[in-house]
Amino acid sequence: MKFARIIAVVMGAALIGQPARAQDTQPIKIVVGFSAGGVTDVLARVFAEDLRKRLNTTVIVENKPGGSGTIATAMVSKLPPDGTTLIMIPGTHTMVPSIQKVDFDTKTALTYISLIATAPSMLTVNKDTKYTDVKSVIDDARAHPGEIAYGSSGVGSTSHFMGILFEREAKVKLNHIPFKSSGESLQAVMGGHVPMSFSAVNQAIGAVKSGDVRALAIGSEKRSAYLPNVPTFAEVELPKVLSETWIGLAGPAGMPADLVKKINDAVMAGIQSPEIQKRFTEIGVDVIAEGPEKFTKTVASEVDTYESLARAMNLTR
């Protein structure tokens, strides 16, 4: 009986958006493994409101920060796969386990439902620094190996791994300075405490547009619509420096396929709405809109990639 009631929550009716019978619905909780205010949290709240309307049930967001998101993942992975608890996860979900011991197998701990959005990372430098392009950074780093500092949002973060990729592909050695958050790292660049950092577009776009920092290159396959004048790393002859942090919705392992489909259908319908499109633009993230099959493959591939990188850089747990 419990399973039947939960199916009703996500089915609502034969079509997504058709109201479900109130007596068949149960509240849904979306867990976020980080403090309120970050892009993962913001998107969780955007979709909580949208899913509330589409599924005709209460949808709340619960922040459970700690362990770079791994505490929340471990908790959700042990819950019943009935659709009442979901989790919004960022790309660090596949990175952190490569350098930090966790209580779950990243590839199988969750049911990966919807890949929602992506935010590419970019190389940003202090506005008064001598670096005018990527070549000038590389030339200086080769002349002063291990001396040129860059900031990141922490060991094992997207920005840290982008720094590692940059070092490997540019054949340079930099001095990694980890901060507690992306905001601290960006502030350090703006204040001249470190000359550069690797930051997600959505986190640094304001500082770039205000002129407080300069963006030299972006780690995506094509230029960002938000910063069209910033070249990709491929354009500066570093095509393998690709780094985009995604955000997606998942649930406990073992969720039934029809339940996963109904939730994913609701999320995909929400992504197409003008309201959510507007929020994406405001936040500075790009749409991915991929379902469970692609999401699951992405997670598995990235886990292998980051474990390989971590071993190569002696960062393994």
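The values are calculated or read from the model by the stated rules, or taken from the named source; none is laboratory data. Worth saying up front: this structure is predicted, and the values here are computed from it rather than measured. Glycine also receives a Cβ, built like all others from the backbone with ideal geometry; neighbour counts cover every protein chain displayed.
In the set (1) farther than 26 Å from F161 by Cβ; (2) at pLDDT below 90; (3) hydroxyl-bearing (S, T, Y), T84 fails one condition alone, (2). A count restricted to region 139-176 and to residues that are among the β-branched types (V, I, T), more than 25 Å from W246 (Cβ to Cβ) and in contact with a strand residue (DSSP E or B) (Cβ under 8 Å, 6 or more places away or on another chain) stands at 1.
Summed over region 140-162, residues that are modelled with pLDDT of 85 or more, closer than 18 Å to A188 by Cβ and not in a helix (DSSP H, G or I) total 6.
When S220, S224, S159 are checked against the criterion of being in contact (Cβ under 8 Å) with a residue 24 or more places away in the chain and farther than 30 Å from Q100 by Cα, a single residue qualifies: S224. Please specify each residue of region 263-317 satisfying the condition of being modelled with pLDDT of 90 or more, within 26 Å of D105 (Cβ to Cβ), surrounded by fewer than 18 Cβ atoms within 10 Å (Cβ to Cβ) and out of contact with any strand residue (DSSP E or B) (no Cβ under 8 Å at 6 or more places or on another chain). Result: E293, K297, A300, S301, D304.
Which residues, counting only those in region 163-186, are in a helix (DSSP H, G or I) and either in the same structural domain as M95 (by TED's automatic domain parsing) or basic (K, R) (or both)? Before you say what the answer is, go through the steps one by one.
Going residue by residue through region 163-186, those that are in a helix (DSSP H, G or I) are 163-170, 182-186.
Residue satisfying the conditions is R168 alone.
Within the set T85, T108, T118, the sole residue that is more than 18 Å from the chain's Cα centre (by Cα), β-branched (V, I, T) and either in the same structural domain as N202 (by TED's automatic domain parsing) or surrounded by 18 or more Cβ atoms within 10 Å (Cβ to Cβ) (or both) turns out to be T85.
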